[in-house]
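First comes the structure, then the notes that go with it.
The values are calculated or read from the model by the stated rules, or taken from the named source; none is laboratory data. Just so we're clear, the structure is a prediction, and the values are computed from it rather than from any experiment. Glycine gets a Cβ as well: all are built from the backbone with ideal geometry, and neighbour counts include every protein chain shown.
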Ligand SMILES: [Zn+2]
């Protein structure tokens, strides 16, 4: 794995005793890799991530994993609000929804896979999430074109595989908003985030087909079955 070290000083110490358990994926949402790398290393910007991966697969190490990089911002997962302390952050070069969102090339995904394996071999990572999962009202990255399914098939993160029982339960659930909201919260989403944003974030990660159907903000039996499956797998 090719690694180039670039120094970013946008970090501090992780909160007392916190060891990272989340691997957090982002896209840069900027026009070029150079612009993104410059911003992540610019003291004025106050943003950073541990790693940056270009579309050609080049990996830049910006901050030691032991330090707290500043990539999550105001975020929440399962009661935890200091997501920077709890995570290792990877930025993937992509223009994003604002400047021309496109699929992540194979070379980039391959490097991400190798890097993720390396990170997971030396840390106790239990959750692989997107920025939109921990900040559903503010963020859409890495977005619905990010291939979470492929990554899960390679052993990084999880992918829903609903059983018949879960499909049956989902049919009943999709009529009751209150129960559905509680399920999203029990998985980890922020209970005070707008419901439609949570649903959209869940779809971006676990049911990207909803974006093709134009139903990304609405739950359906299919998405509920997937949520039940994911909760079962994270128990
Ligand atoms: Zn992000």
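Within segment 98-113, one or more residues are within 16 Å of the ligand (Cβ to nearest atom), in contact with a helix residue (DSSP H, G or I) (Cβ under 9 Å, 6 or more places away or on another chain) and assigned to a loop (DSSP other than H, G, I, E, B).
Restricting 56, 12, 16 to those that are over 20 Å from the mean Cα position of the chain (by Cα), assigned by TED's automatic domain parsing to the domain that holds residue 96 and assigned to a strand (DSSP E or B) reduces the list to 12.
Given the structure, is residue 73 surrounded by fewer than 19 Cβ atoms within 10 Å (Cβ to Cβ), farther than 22 Å from residue 124 by Cβ, touching a residue at least 60 places away in the same chain (Cβ under 8 Å) and within 12 Å of the ligand (Cβ to nearest atom)? Answer is yes for this residue. The residue that is nearest to residue 97 (Cα to Cα), among those in segment 24-48 that are within 12 Å of the ligand (Cβ to nearest atom) and touching a helix residue (DSSP H, G or I) at 6+ places or on another chain (Cβ under 6 Å), is 29.
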